[in-house]
1. For Asn64, only one of the following conditions fails: (1) farther than 28 Å from Asp3 by Cα; (2) not in a loop (DSSP other than H, G, I, E, B). What is its number?
2. Restricting to segment 39-82, count the residues that are of a type outside the set (Phe, Trp, Tyr) and surrounded by 14 or more Cβ atoms within 10 Å (Cβ to Cβ).
3. Do we have Tyr76 as touching a Cys at 6+ places or on another chain (Cβ under 7 Å), without any contact (Cβ under 8 Å) to a residue 40 or more places away in the chain and within 24 Å of Leu20 (Cβ to Cβ) here?
4. With the condition kept exactly as written, say whether any residue in segment 88-105 is outside the structural domain of Trp31 (by TED's automatic domain parsing), at pLDDT 85 or above, exposed (fewer than 13 other Cβ atoms within 10 Å of the Cβ) and β-branched (Val, Ile, Thr).
5. Within the set of pairs 6+ apart or on separate chains, which have a first residue in segment 87-105 that is closer than 22 Å to Asp44 by Cβ, a second that is assigned to a helix (DSSP H, G or I), and C-beta atoms under 8 Å apart?
Amino acid sequence: MIDILGKLLRKRGLNSVDELDTDEHRTWDSWKAVLSKGELTIEDIKQFCQNQVEIIEAKWKDLNIEHSKKSELIPYHTVYKVLLSAIGSPQAAREALEKNLIQLL
């Protein structure tokens, strides 16, 4: 499956991963990690979503990117944040319940 990443590089006219910018390189590394693993865990998905959120937020801070391009990232950011929230919600619910039970003691 990692061969698909090499094909993507060549399709974009790049000869090496070193030609990618910092954000693209981070995405590349996360894709490579996902593709090289046998089975994904919830933690893998959580880390991938968090990396994507960080990339999007970095682009929002970049003053050289047009406002319209930044606006196009809002739906992606929303989806990744919702996924992270869904992944973390059982943990948050458990912590809230534990706090409530401790208060009852």
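The values are calculated or read from the model by the stated rules, or taken from the named source; none is laboratory data. Treat the numbers as computed from the prediction; the structure is a model and nothing was measured. Every residue, glycine among them, receives a Cβ derived from its backbone with ideal geometry; neighbour counts consider all protein chains shown.
1. Answer for Asn64: the failing condition is (2).
2. 16
3. Details: touching a Cys at 6+ places or on another chain (Cβ under 7 Å): no; without any contact (Cβ under 8 Å) to a residue 40 or more places away in the chain: yes; within 24 Å of Leu20 (Cβ to Cβ): yes.
No; evaluated as a whole, the condition is false for this residue.
4. Among the residues of segment 88-105, at least one is outside the structural domain of Trp31 (by TED's automatic domain parsing), at pLDDT 85 or above, exposed (fewer than 13 other Cβ atoms within 10 Å of the Cβ) and β-branched (Val, Ile, Thr), which makes the answer yes.
5. Ile87/Ile42; Ile87/Ile45; Ile87/Lys46; Ile87/Cys49; Gly88/Lys46
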